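*Asks:* Below is one structure. I have some questions about it.
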């Protein structure tokens, strides 16, 4: 894989068969719905093909004291690095097919049955290219942009004078301290806030969101849209939880954004019962 930039040979063969400039007899592939396909075309882009990145990662071990509320930085680093590897390989496929960017990126994590410490990270989206060869849609360092936006949201964003730059993320794996037996006995039958738990979870979420925000700042973005905050334990011991923040960093199109250019919303009434 090293000789091909981390892209397997079968993936290279698949990419060679895609429709693109200089290869009009190929076919495109995408996970777009009909509406997404048409609106991406309406925005002036053509789908090229599905871009996939995968990473199988062994997550290490880190001990935390029973009474400690603390970030498990070994696990935080592992979860971030594995996702970054999957995203990098997905972007490498997009570059190989000549895409300007990737729309509708989904980033998933799942445990593999053969080892509880092994996780699979998969990034997948649809590579697109500007139909008229516009060069102003690349991400940082001239690489294809990445975006979790749907085809509809992508079209709407462009109409408002903005474009996606790249997906930004932040991870924090945190050990929440256990309560001692005497503290537990003192709250039996009472309505009372468990402040140590509240503070620990609040802190962990803030760390994840702060790291996502820092990535957007370093990329030169104006802001982040479509932000989402996931929580999961991934089979770790009790009182260990990951907070994962992810969103799409955006910047104004060349010439700036204009509020008056944003299309008015239209009322749509469902006829379903």
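Just so you know, all these numbers are worked out from the coordinates, no wet-lab data involved. All values derive from a computational prediction rather than experimental measurement. Note that each Cβ is placed from the backbone with ideal geometry, even for glycine, and that neighbours are counted across all protein chains shown.
*Asks:* Report the label-to-label distance for residue 37 and residue 84 in nanometres (one decimal), using points 7 Å from each Cα along the Cα→Cβ vector.
*Replies:* Result: 3.7 nm between the two label points.
*Asks:* I've got another one for you. Give the order of 106, 89, 132, 211 when sorted by the count of other beta carbons within 10 angstrom, beginning with the fewest.
*Replies:* Lowest to highest Cβ neighbour count: 132, 106, 211, 89.
*Asks:* One-quarter of the Cα convex hull surface for the chain, in nm²?
*Replies:* 20.4
*Asks:* Helix 195-219 sits at what angle to the longest principal axis of the chain, using alpha carbons and giving 0 to 90 degrees rounded to 10?
*Replies:* 30
*Asks:* If you don't mind, there's one more thing I want to ask. Which order do the peptides 125-131, 98-104, 197-203 come out in when sorted by mean C-beta neighbours inside 10 angstrom, highest first?
*Replies:* Put in order of decreasing packing, that is 98-104, 125-131, 197-203.
*Asks:* Which length gain, in nm to one decimal place, applies between residue 152 and residue 74 when the Cα-Cα distance is subtracted from 0.36 nm times their residue separation?
*Replies:* 24.2 nm
*Asks:* Let me ask another. Just to be sure I understand the model, the point goes 7 Å from the Cα along the line to the Cβ. What's the resulting residue 192 to residue 10 distance in nm?
*Replies:* 5.9
*Asks:* So which residue, out of 170, 189, 220, gets the largest mean-square fluctuation from a GNM of the chain using Cα contacts under 10 Å as springs?
*Replies:* Top of the fluctuation ranking is 189.
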